[in-house]
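The values are calculated or read from the model by the stated rules, or taken from the named source; none is laboratory data. A quick note: this is a predicted structure, and the numbers were derived from the prediction, not measured. Here the Cβ positions follow ideal geometry from the backbone for every residue, glycine too, while neighbour counts run over all protein chains shown. Heads up: the accessible areas ignore ligands, DNA and RNA and are worked out on the full protein's heavy atoms, side chains in. Shrake-Rupley method; radii C 1.70, N 1.55, O 1.52, S 1.80 Å.
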Amino acid sequence: MVSNTVRLNHIPGPTGASLSRLHAFHQNPLTLFEKLSHEYGHRVQFRMGPWTFLLLSDPESVGLILSHHRPAFHKGPGLDPKNPLIGQGLLTSEEEDWVEQRRSLAPVFRTANIRSTIPELTTAVERLTAQLPEDTAFDLQPAMLRLSLTLIMETLFATDQLNPHQLTTMSSDIEWLMAHFYHRSRSVWRFPYNVPIFNRRYHTRANRLNRTIDSLVPTNRPYEVIWPHLSQSRPKWYHEALTLIIAGHETTGHAMAWSLDLMSRHPVIEEAVLNESHQEMTPTPDTHPWTYAIFRESLRLYPPVWILSRVTHEEFPLGKTKIPKGTFILVSPWLIHRNPAYFTKPDQFYPERWFNNPIIPPYGYIPFGAGPRACIGEHLATTEALIAISAMVRTYRLTTHGPRDVFPGITLAAAEPMWTILKKR
């Protein structure tokens with residue numbers, strides 16, 4: 001990152017102590033964001049080390065930033081286009097490269113195509129949930145990550161050849177790599193990836209993932225799958241495939257785990273979801289409104305993508321303020337989703353709110369991002385989650401244990417294991 005020390009007019013924020021603020025960000029960025037927002041409002045400028053940041057959590061400002069990605073903004077700190085594993089994928093690419101990828105992948109993620117995957121998703125969910133351990137405590141979070149990974153591999157990647165051990169290894173490698181990218185993005189020691197002696201564990205896992213992708217032999221599916229829509233050049237082919245695998249299961253897996261954990265702590269709500277699960281129809285927002293409400297509420301409280309970052313590539317007007325080129329902008333769904341102006345009981349799990357047609361302004365609820373860079377897989381994630389939550393509740397009574405502190409890494413995870421006991425209904 002290039003140093004930017006410009007002080008912005010008309011936007012409040014603290015002065016001085018930038019190194020202590022950088023330390024606070026590394027300790028717990030959500031706590032820092034909450035403190036800054038409480039003291040200075042929904043638009044805050046602050047320094048961390050030699051850099052000036054702008055933290056935004058009001059829907060109007062957020063809308064201006066997220067709806068004007070090209071050419072005014074590029075993805076900001078934390079998403080490195082030089083990342084040797086996913087740097088050329090859909091998450092980090094820019095300009096015409098991103099447009100080409102998005103356009104090529106669009107047929108795979110269209111609503112009609114995702115609807116065609118439902119029979120296969122349902123069969124896979126029923127098979128996989130039946131294999132979960134009963135009457136003994138296990139960590140729900142990695143179990144849901146493995147489930148979401150299996151679903152995307154068996155449907156949009158059209159492969160049936162990965163056994164449970166391979167999928168577990170693949171999931172744990174991805175988790176390790178995501179943690180590695182997170183810690184690397186916050187470290188002053190960033191040895192080049194092409195110096196293997198300093199990156200042995202990274203290369204072991206990255207190479208294993210690439211070999212796994214190379215070994216896959218797609219089978220026929222009655223819907224569009226990923227493979228024909230990837231670049232024909234290497235290593236870009238790997239970057240595009242792994243970006244979709246990582247993004248396609250990390251966010252959904254965490255969202256499913258949070259949904260089940262929150263629901264299990266509220267027996268009346270769990271009973272409502274159970275009643276819906278006995279319907280002989282595929283779960284949708286219309287047929288299973290309680291299931292959809294707890295999914296939406298978990299995304300509100302625990303958005304897997306808890307921060308969106310941008311950097312200005314040209315001067316940009318934000319109200320009375322001219323945001324200069326090179327300014328780092330942080331958009332916080334964590335703060336946006338807890339705005340008491342739009343959400344009553346903002347810190348409570350209250351899925352009933354979604355039955356009351358809450359008046360939420362555009363960009364006031366953005367669990368999948370918004371604007372041109374919004375998540376391409378939103379409909380797939382919602383479909384998978386509703387099917388999985390419904391099947392879990394229909395099959396098991398869930399009991400969860402312990403507090404739920406969060407760990408804001410690349411995605412928002414539980415800081416400790418989500419200990420859960422399943423009892424067959």
Considering GLN166, GLN232, GLN141, which residue is in contact with a strand residue (DSSP E or B) (Cβ under 6 Å, 6 or more places away or on another chain) and either farther than 22 Å from ASP97 by Cβ or open to solvent by 30 Å² or more (accessible area, probe 1.4 Å) (or both)? GLN141
Is it true that some residue in segment 86-99 is at pLDDT 95 or above, in contact with a helix residue (DSSP H, G or I) (Cβ under 6 Å, 6 or more places away or on another chain) and open to solvent by 30 Å² or more (accessible area, probe 1.4 Å)? no
Segment 391-412, subset of a type outside the set (S, T, N, Q) and in contact with a helix residue (DSSP H, G or I) (Cβ under 6 Å, 6 or more places away or on another chain), residue most open to solvent (accessible area, probe 1.4 Å): ARG394
Can you name every residue in segment 116-138 that is in contact (Cβ under 8 Å) with a residue 24 or more places away in the chain, of a type in the set (D, E, K, R) and open to solvent by 60 Å² or more (accessible area, probe 1.4 Å)? GLU126, GLU134, ASP135
Mind checking which residues of segment 13-70 are closer than 15 Å to THR327 by Cβ, open to solvent by 50 Å² or more (accessible area, probe 1.4 Å) and either among the hydroxyl-bearing types (Ser, Thr, Tyr) or in contact with a Ser or Thr (Cβ under 7 Å, 6 or more places away or on another chain) (or both)? ARG43, ARG47, PRO50, TRP51
Just to check your reading of the model, which residue among ALA413, ALA391, ALA341 is assigned to a helix (DSSP H, G or I) and either closer than 19 Å to LEU145 by Cα or without any contact (Cβ under 8 Å) to a residue 40 or more places away in the chain (or both)? ALA391
Within segment 169-206, the residues that are open to solvent by 80 Å² or more (accessible area, probe 1.4 Å) and either within 25 Å of the chain's Cα centre (by Cα) or closer than 17 Å to GLY87 by Cα (or both) are HIS183, ARG190, PHE191, ASN194, ARG201
Among the residues of segment 117-168, the number that are more than 24 Å from the chain's Cα centre (by Cα), hydroxyl-bearing (Ser, Thr, Tyr) and part of a helix (DSSP H, G or I) is 1
